[in-house]
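The values are calculated or read from the model by the stated rules, or taken from the named source; none is laboratory data. All figures in this text were calculated on a predicted structure; none of them were measured in a lab. Every residue, glycine as well, gets a Cβ built from its backbone with ideal geometry; the counts of neighbours run over all protein chains shown.
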Amino acid sequence: MRKGICVAGNLIVDITYPIERWPRQSELTTITDGITRSVGGAVCNVITDLAKLDETLPLSALGVIGDDAEGEFILEQLGRHENIDLSLLGRKGTTSFTAVMSDNRTKARTFFQYRGANALFDESFIDWDRIDAEILHVGYILLLDALDQADGEYGTKMARLLAEAQSRGIRTSIDVVTESGDRFRTLVPPALRYTDYCVINELEAQQITGVLLRDEEERLYPEHMEEALRKMKELGVSTWAVIHCPEGGYGLDEENHFLTVRSLKLPEGYIKGTVGAGDAFCAGVLYGAEKGWDLAGSIRLGTCAAAASLSETGAAEGMRPAAEVLKLAELYGYGG
């Protein structure tokens with residue numbers, strides 16, 4: 001019987017630089033004290049969050065890291081959790097890294113990404129007979145070059161991979177990286193046809209569906225969320241379509257019931273950093289899915305998990321066991 005979650009895709013070393021403010025082009029800004037190195041990307045963030053939410057949950061990491069010091073750093077960091085199986089990871093090339101510029105005032109982040117070994121990851125690195133997970137989560141579409149390539153039968157190599165997983169009785173989940181441009185309309189829809197759970201942010205959902213969710217003045221349109229979620233279902237998502245944003249989480253469950261969970265009312269000064277909050281939300285939803293929770297309960301955990309992540313500067317430093325994370329809702333309440 002399948003159990004647990006396999007998290008596949010991007011494995012990255014993040015170097016975070018705190019800056020006084022984001023400069024205009026050709027302007028100078030100051031990097032302040034507090035430069036940190038940490039693991040990042042969909043695999044590292046989501047699997048670490050899951051390991052902290054439940055140390056008994058079977059987890060496995062799938063992807064490619066370099067045969068270098070940064071690759072060893074990833075193995076060292078993920079290896080701290082006894083329930084994470086690292087034997088499925090491939091080693092080739094140079095480990096991917098991201099220079100993260102974090103504005104001290106607004107907490108906004110800007111990313112400069114080196115693709116590295118992540119660009120090589122495709123089905124040739126997967127031994128399907130060794131994957132006994134109940135759910136396969138893959139992230140991020142648009143940042144996995146080999147899987148973003150066209151496929152004559154399925155549309156993209158990512159879609160082919162997801163179809164293969166489903167054919168083996170594995171439920172599938174995807175996440176997408178936020179970027180500008182028109183690649184969303186080309187690369188994401190083929191994958192959605194073979195996706196059971198889709199957990200993405202409002203900007204990504206807007207790019208995929210064409211439904212206005214946030215305008216150039218940063219105004220959110222919550223009244224449009226249901227329409228966007230229904231379009232995601234029309235594109236192929238079979239079970240749960242979920243959109244998260246700082247204001248809350250929105251979902252359409254397996255019976256197409258729409259629901260909203262507001263963010264927690266966090267006190268001033270609570271937020272130490274926003275790196276990894278979206279991945280934390282995703283981890284909470286995936287945990288609920290694996291445990292057989294309904295979507296409402298899963299989004300509540302995702303919302304609380306994101307709040308836990310916000311309490312520390314690193315992506316997963318603030319994560320705690322699920323029972324403790326859920327207590328944040330009792331402490332602060334919803335409606336932020």
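Residue check: is residue 248 of a type outside the set (Ser, Thr, Tyr), in contact with a helix residue (DSSP H, G or I) (Cβ under 9 Å, 6 or more places away or on another chain) and modelled with pLDDT under 95?
Details: of a type outside the set (Ser, Thr, Tyr): yes; in contact with a helix residue (DSSP H, G or I) (Cβ under 9 Å, 6 or more places away or on another chain): yes; modelled with pLDDT under 95: no.
No, not satisfied.
Hey, which of the helices (runs of 4 or more DSSP H) in segment 202-296, taking only ones fully inside, have at least 2 residues that are surrounded by fewer than 19 Cβ atoms within 10 Å (Cβ to Cβ), touching a strand residue (DSSP E or B) at 6+ places or on another chain (Cβ under 7 Å) and not aromatic (Phe, Trp, Tyr)?
Answer list for segment 202-296: 225-234.
Report whether or not residue 178 is surrounded by 15 or more Cβ atoms within 10 Å (Cβ to Cβ), closer than 19 Å to residue 41 by Cα, free of Cβ contacts under 8 Å to residues at least 60 places away in the same chain and not aliphatic (A, V, I, L, M). Even if it seems obvious, please write down each step before you answer.
Numbers: surrounded by 15 or more Cβ atoms within 10 Å (Cβ to Cβ): yes; closer than 19 Å to residue 41 by Cα: yes; free of Cβ contacts under 8 Å to residues at least 60 places away in the same chain: yes; not aliphatic (A, V, I, L, M): yes.
For residue 178, the condition - surrounded by 15 or more Cβ atoms within 10 Å (Cβ to Cβ), closer than 19 Å to residue 41 by Cα, free of Cβ contacts under 8 Å to residues at least 60 places away in the same chain and not aliphatic (A, V, I, L, M) - is met.
Among 119, 150, 61, 159, which is the only one that is crowded, with 21+ Cβ neighbours inside 10 Å and more than 18 Å from residue 279 (Cβ to Cβ)?
159
Among the residues of segment 71-93 satisfying the criterion of being assigned to a helix (DSSP H, G or I) and of a type in the set (A, V, I, L, M), which is surrounded by the fewest Cβ atoms within 10 Å (Cβ to Cβ)?
Once the filter is applied, the top-ranked residue is 75.
For (1) of a type in the set (Val, Ile, Thr); (2) closer than 21 Å to residue 250 by Cβ; (3) under 16 Å from the mean Cα position of the chain (by Cα), each residue gets a yes or a no:
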{"residue": "166", "(1), (2), (3)": "no, no, no"}
{"residue": "170", "(1), (2), (3)": "yes, no, no"}
{"residue": "176", "(1), (2), (3)": "yes, yes, yes"}
{"residue": "182", "(1), (2), (3)": "no, no, no"}
{"residue": "185", "(1), (2), (3)": "no, no, no"}
{"residue": "189", "(1), (2), (3)": "no, yes, no"}
{"residue": "193", "(1), (2), (3)": "no, no, no"}
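Which of (1) among the small types (Gly, Ala, Ser); (2) out of contact with any Ser or Thr (no Cβ under 6 Å at 6 or more places or on another chain); (3) crowded, with 18+ Cβ neighbours inside 10 Å; (4) farther than 18 Å from residue 274 by Cβ is the odd one out, the single condition residue 38 does not satisfy?
All conditions pass for residue 38, except number (4).
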